[in-house]
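Below is one structure, written out as structure tokens; comments come after it.
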Amino acid sequence: MKTIFRVALLFLLGLVLFYTMMPVLNFGFSGIGSLLLILYLASIALRQKVRFEAMPVIEGHEPNYKLRGLSLGRWDFVIIAFLLLYIFVIPFVTSAPIFHSARYRELMGEVKTGADFSKHIAPISLDQVRVVDEDLAALLGDKIIGSQSALGSKVHLGSFTIQKVGNGLFWVAPLIHSGFFKWFSNQEGSTGYVMVSATDERDVRLVQEANGKPVHIRYQSGAYFLDYLPRYLYWHGYMTTGLTDYTFEIDDNGTPFWVVTTYTKRIGFSGNDATGVITMNAATGEIAQYGISDAPAWIDRIQPADFINEQLDSWGEYVHGYWNFSNEGKLTTTQYPTLVYGENNKSYWYAGLTSVGADESTVGFVLVDTRTKQATYYRQGGATEKAAQHSAEGKVQEKGYRATFPTPYNINGVPTYLMTLKDNAGLVKMFAMVAIGDYTTVGVGNTLQESLFSYKNGLTATGNKINAGSEKNQVTLNGTVSRITADLKNGMSYYYFMLRGSDKIFIGTSQLSVELPLTREGDAITILFNNDNEAITNVDKFDNTAIGLSKNLASDSTKQTVAPVVKPPNSK
């Protein structure tokens, strides 16, 4: 009877541990070894007949007792030794970088050298620039939840994920149960999710209905038992599969899903590497599994940022093997990878690279495709993210604003950090752009347009030394002024004008040319500007040919004429 009781107790303990720990039943994952060790030690304890026996009392000493009945058999030592071997020794031998440094460096795969940054990150218009960071999205999300009295006491916001939804860029977070009793009383799931536009802080949505049906988030991190997301997947066919990066995403129809990366161990018990992705309907629990090549297009990321960060560090660390005490050629990432979007809505992990020991400067940066893991290395020295933040804050140090973590963009073909400047309440007050190649080239403004104008003036002042290749995007345009007006901002006069036959609005200041304040409608002019996607375009050079003070503009840029040049009657 005692034996049956011990077996039943051991079985119950094993079931509880298995249910809570959810160890991956596959070689390379140490969780199963730890669970078996706990169970075996428990079985030893259950079969012991332990008792305390009093020892003979020695005069002048306290009574003493000795533990009797504790014994271990030969097989106990063998089994415990084997489990300890599996948990500690085998992982060291099969995974330690000292033995496998070359394999760690190869985990990243082929890292191509890039020459043209614009092939990955195309220039975009200002209305597509990310100006809302995760902290601000959380602040705005909490505000809209707090305005709903029926929701505020039941749920809280989960983690925000940035993603493309249609043609828009949004931060999206699920509503999560705020406790066990809230989950127990509403097992159909929490009601909806929050979307915050990453490009417009006024666009905040509480979504509780999609495709004419109520939205429920039944399976989530705030649920219990089999509604708990990792446990649901574990007990529905994924006991032997490594799962990580539980990300909340919505498809283009607004249906909420959990997107989970499947991974394996490439180097013994280490070398985590993504193999595919699982999508799980957050309301119904329907599961679909895909490889890297056939995952649905609406999934923005398959490669977890953790994996990319580790693999890039290994790629830079073991450039000359493990025994490289002089740190020759070693590289390391400057910060945790940042998600950026490039051409055709492709997403990339951006990571700056610096030499080991360097603090404020980088030797280049890497763009890693978040689906395929294809990496491209751009060898361009410049500023780290922290240095760029300090440079932007220095421009407005009297205001005490703090810069958000920068996001890289393509401005005039120049890799550029863009960030917002916030006050102590976390509200956006200004915008800043800093050249990655030279953090002294900074543009700040109360609006994105102002900061872009200031930044482009800074680029022009450098003579395109930051990125000489950006000159190929410059256009020389001859035309006749159809409209012109002045606007005073922050003590500076800005001149807006249009040319006949062109739908672009051009802008410049008197600092650009003394001829601008004298220009009138009908004047023939020649301008030099960067041919980007902006409706309002900053002019780099300006020449009013009717006045004739300025020298001819650079002849090596692309020349265009939008209308015949018509000189005023009085000009010669």
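Could you please give the count of residues in the range 504-539 that are among the charged types (D, E, K, R), under 39 Å from the mean Cα position of the chain (by Cα) and at pLDDT 85 or above?
First pass over the range 504-539, keeping only residues among the charged types (D, E, K, R): 504, 515, 520-521, 523, 532, 534.
With the extra rule that they be under 39 Å from the mean Cα position of the chain (by Cα), the set shrinks to 504, 532, 534.
Checking which are at pLDDT 85 or above leaves us with 504.
Adding up the residues that qualify gives 1.
Of (1) touching a helix residue (DSSP H, G or I) at 6+ places or on another chain (Cβ under 9 Å); (2) of a type outside the set (Ser, Thr, Tyr); (3) open to solvent by 50 Å² or more (accessible area, probe 1.4 Å); (4) at pLDDT below 90, Gly413 satisfies all except one. Which?
So the condition that Gly413 fails would be (3).
Kindly indicate the residue of the range 320-342 that is aromatic (Phe, Trp, Tyr) and either within 14 Å of the chain's Cα centre (by Cα) or closer than 20 Å to Pro415 by Cα (or both) and also surrounded by the most Cβ atoms within 10 Å (Cβ to Cβ) among those meeting that condition.
Applying the first criterion (aromatic (Phe, Trp, Tyr)) to the range 320-342 yields 322-323, 325, 336, 341.
From what's left, either within 14 Å of the chain's Cα centre (by Cα) or closer than 20 Å to Pro415 by Cα (or both): 336, 341.
Details: Tyr336: 13, Tyr341: 23.
Going through the qualifying residues, I end up with Tyr341.
Could you check how many residues of the range 98-134 are part of a helix (DSSP H, G or I) and either open to solvent by 40 Å² or more (accessible area, probe 1.4 Å) or on the phi > 0 side of the Ramachandran plot (or both)?
From the range 98-134, those part of a helix (DSSP H, G or I) are 98-106, 117-119, 126-128, 134; that's our starting set.
Then keep just the ones that are either open to solvent by 40 Å² or more (accessible area, probe 1.4 Å) or on the phi > 0 side of the Ramachandran plot (or both); that gives 98-99, 102-103, 105-106, 119, 127-128, 134.
Final tally of qualifying residues: 10.
Restricting the range 247-288 to residues that are outside any strand (DSSP E or B), of a type in the set (A, V, I, L, M, F, W, C) and open to solvent by 10 Å² or more (accessible area, probe 1.4 Å), which is farthest from Glu209 (Cα to Cα)?
Of the range 247-288, the ones outside any strand (DSSP E or B) are 251-255, 268-269, 282-286.
When the remaining residues are screened for being of a type in the set (A, V, I, L, M, F, W, C), the result is 269, 282-283.
Next cut, open to solvent by 10 Å² or more (accessible area, probe 1.4 Å) only: 269, 283.
Working: Phe269: 44, Ala283: 12 Å.
Looking at residues that are outside any strand (DSSP E or B), of a type in the set (A, V, I, L, M, F, W, C) and open to solvent by 10 Å² or more (accessible area, probe 1.4 Å), I get Phe269.
For the range 506-530, give me each residue that is among the β-branched types (Val, Ile, Thr) and either in a strand (DSSP E or B) or loosely packed, with under 14 Cβ neighbours inside 10 Å (or both).
Ile507, Thr509, Val514, Ile525, Thr526, Ile527
Out of curiosity, is Asn345 open to solvent by 50 Å² or more (accessible area, probe 1.4 Å), at pLDDT below 90 and in contact with a strand residue (DSSP E or B) (Cβ under 7 Å, 6 or more places away or on another chain)?
Numbers: open to solvent by 50 Å² or more (accessible area, probe 1.4 Å): yes; at pLDDT below 90: yes; in contact with a strand residue (DSSP E or B) (Cβ under 7 Å, 6 or more places away or on another chain): yes.
So Asn345 passes the test.
Here is a check on your reading of the model: is Asp306 in contact with a Gly (Cβ under 8 Å, 6 or more places away or on another chain) and surrounded by fewer than 19 Cβ atoms within 10 Å (Cβ to Cβ)?
On the way: in contact with a Gly (Cβ under 8 Å, 6 or more places away or on another chain): no; surrounded by fewer than 19 Cβ atoms within 10 Å (Cβ to Cβ): yes.
Taking the combined requirement at face value, the residue does not satisfy it.
Note down all Cβ pairs under 9 Å where the first residue falls in the range 152-179 and is over 18 Å from Glu201 (Cα atoms) and of a type in the set (Val, Ile, Thr), the second is open to solvent by 20 Å² or more (accessible area, probe 1.4 Å) and outside any loop (DSSP other than H, G, I, E, B), and they're at least six residues apart or on different chains.
Taking only residues 6 or more apart or on different chains, the pairs are Val155/Lys182; Ile176/His156; Ile176/Leu157.
Is it the case that some residue within the range 168-190 is under 28 Å from the mean Cα position of the chain (by Cα), open to solvent by 70 Å² or more (accessible area, probe 1.4 Å) and not aromatic (Phe, Trp, Tyr)?
So far as the range 168-190 goes, no, none of its residues is under 28 Å from the mean Cα position of the chain (by Cα), open to solvent by 70 Å² or more (accessible area, probe 1.4 Å) and not aromatic (Phe, Trp, Tyr).
What residue, of Asp503, Asp540, is among the acidic types (Asp, Glu) and outside any strand (DSSP E or B)?
Values: Asp540 fails: outside any strand (DSSP E or B).
That would be Asp503, the only listed residue that is among the acidic types (Asp, Glu) and outside any strand (DSSP E or B).
Yes or no: Asp203 closer than 26 Å to Ile302 by Cα, out of contact with any Leu (no Cβ under 6 Å at 6 or more places or on another chain) and of a type in the set (Asp, Glu)? Break it down into steps so the answer makes sense when it comes.
On the way: closer than 26 Å to Ile302 by Cα: no; out of contact with any Leu (no Cβ under 6 Å at 6 or more places or on another chain): yes; of a type in the set (Asp, Glu): yes.
Spelling it out, it is not the case that Asp203 is closer than 26 Å to Ile302 by Cα, out of contact with any Leu (no Cβ under 6 Å at 6 or more places or on another chain) and of a type in the set (Asp, Glu).
From the residues in the range 356-368 that are touching a helix residue (DSSP H, G or I) at 6+ places or on another chain (Cβ under 9 Å) and surrounded by fewer than 23 Cβ atoms within 10 Å (Cβ to Cβ), which one is modelled with the highest pLDDT?
Val356
Condition check: touching a strand residue (DSSP E or B) at 6+ places or on another chain (Cβ under 9 Å), open to solvent by less than 40 Å² (accessible area, probe 1.4 Å) and assigned to a loop (DSSP other than H, G, I, E, B). Does Ile299 satisfy that?
Details: touching a strand residue (DSSP E or B) at 6+ places or on another chain (Cβ under 9 Å): yes; open to solvent by less than 40 Å² (accessible area, probe 1.4 Å): yes; assigned to a loop (DSSP other than H, G, I, E, B): yes.
Spelling it out, Ile299 is indeed touching a strand residue (DSSP E or B) at 6+ places or on another chain (Cβ under 9 Å), open to solvent by less than 40 Å² (accessible area, probe 1.4 Å) and assigned to a loop (DSSP other than H, G, I, E, B).
Please go through the range 198-241 and pick out each residue that is farther than 15 Å from Ala173 by Cβ and in a strand (DSSP E or B).
Within the range 198-241, Glu209, Ala210, Lys213, Pro214, Tyr228 meet the criteria.
Within the range 258-281, which residues are touching a residue at least 40 places away in the same chain (Cβ under 8 Å) and in contact with a Leu (Cβ under 9 Å, 6 or more places away or on another chain)?
Thr261, Tyr263, Arg266, Ile267, Gly271, Asp273, Ile278, Met280
Pairs under 8 Å by beta carbon, first residue within 21 Å of Leu229 (Cβ to Cβ) and open to solvent by less than 30 Å² (accessible area, probe 1.4 Å) in the range 22-39, partner aliphatic (A, V, I, L, M) and part of a loop (DSSP other than H, G, I, E, B), six or more apart or different chains?
Hits for this filter: Val24/Met239; Gly31/Met22; Gly31/Val24.
Look at the range 129-146 and say how many of its residues are in contact with a Ser or Thr (Cβ under 6 Å, 6 or more places away or on another chain) and of a type outside the set (D, E, K, R). Even if it seems obvious, please write down each step before you answer.
Narrowing the range 129-146 to residues in contact with a Ser or Thr (Cβ under 6 Å, 6 or more places away or on another chain): 130-131, 133.
Filter once more, keeping what is of a type outside the set (D, E, K, R): 131.
Total satisfying the criteria: 1.
The values are calculated or read from the model by the stated rules, or taken from the named source; none is laboratory data. For clarity, every value in this text was computed on a predicted model and none was experimentally measured. For neighbour counting, all protein chains shown are included, and Cβ atoms are generated from backbone atoms with ideal geometry for every residue, glycine included. Only protein heavy atoms, including side chains, enter the accessible area calculation; ligands, DNA and RNA are left aside. Shrake-Rupley method; radii C 1.70, N 1.55, O 1.52, S 1.80 Å.
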